[in-house]
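Each remark here refers to the structure printed beneath this line.
What follows is calculated from the coordinates using simple rules that are stated; it is not laboratory data. Predicted, not measured: the structure shown is a model, and the values here were computed from it. Here the Cβ positions follow ideal geometry from the backbone for every residue, glycine too, while neighbour counts run over all protein chains shown.
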Amino acid sequence: MTNKSEVVVDKEKQTDLKMKEERKDGEPTAAFKGAAWAALLVGVSGYLIGLFNATMELNEKGYYFAILIFGLYSAISLQKAVRDKDEGIPVTSIYYGISWLALIIAVSLMGIGLFNAESIVLSEKGFYGMAFVLSLFAAITIQKNIRDTQIARERG
């Protein structure tokens, strides 16, 4: 005769096994994936809300918006090129170099823009800089998570 507590423990073990079976070896956890998406949402939303509420000219807002988009794209592109190269997937040296150059330009333009912005107080400059860096890092992490998940599921 089984004890009621033994049945509960067995059901918990079965649930744990099902959860472990769903996540393939090498696949990031759901918590890590969620944290990366949350970081991207917080970074981009904070940056855009700050731009929307800023008292700067519309052309300045456009500059900072374009830098954010350019930075996100260049960071993802570089992460993909670096990983492809590391995994032995052919990457042309011109694409690899352009990916590095694009990210360096995006980060430099952000830094130069914030350094020369006279209408923005120092605390706002720090806010934009941190939101920008958070967004770039989160975008890279999300792209890595997507690729790790894809590879883990292809392996079976």
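Rounded to the nearest 10 degrees, the angle from helix 4-22 to the longest Cα principal axis of the chain is 50 degrees.
How do 83-91, 134-142 rank on mean C-beta neighbours within 10 Å, highest first? Display every interim value, and only then the final one.
Details: 83-91: 11.6, 134-142: 20.1.
Final packing ranking: 134-142, 83-91.
For THR55 and ALA30, the difference between the fully extended length at 0.36 nm per residue and the C-alpha to C-alpha distance is 5.1 nm. By the count of other C-beta atoms within 10 Å, a proxy for reagent exposure, VAL82, VAL121 are ordered fewest to most as VAL121, VAL82. The angle separating the long axis of helix 122-155 from the principal Cα axis of greatest extent in the chain is about 40 degrees.
Computed on segment 47-155, with alpha-carbon pairs under 8 angstrom and 6+ residues apart, the relative contact order is 35 percent.
For the chain, the square roots of the Cα gyration tensor eigenvalues, ordered a ≥ b ≥ c, give a/c of at least 1.5 with a/b no greater than b/c, which places it in the oblate category. The angle between the Cα long axis of helix 93-116 and the longest principal axis of the Cα atoms of the chain comes to about 60 degrees, rounded to the nearest 10. The alpha carbon gyration tensor of segment 68-132 gives principal lengths a ≥ b ≥ c with a/c of 1.5 or higher and a/b greater than b/c, which makes the shape prolate.
Here is how the number arises for the chain: DSSP H runs of 4 or more residues each give -39500 (n - 2.57), the sum is divided by the residue count, and the result at 222 nm is -29500 deg cm²/dmol.
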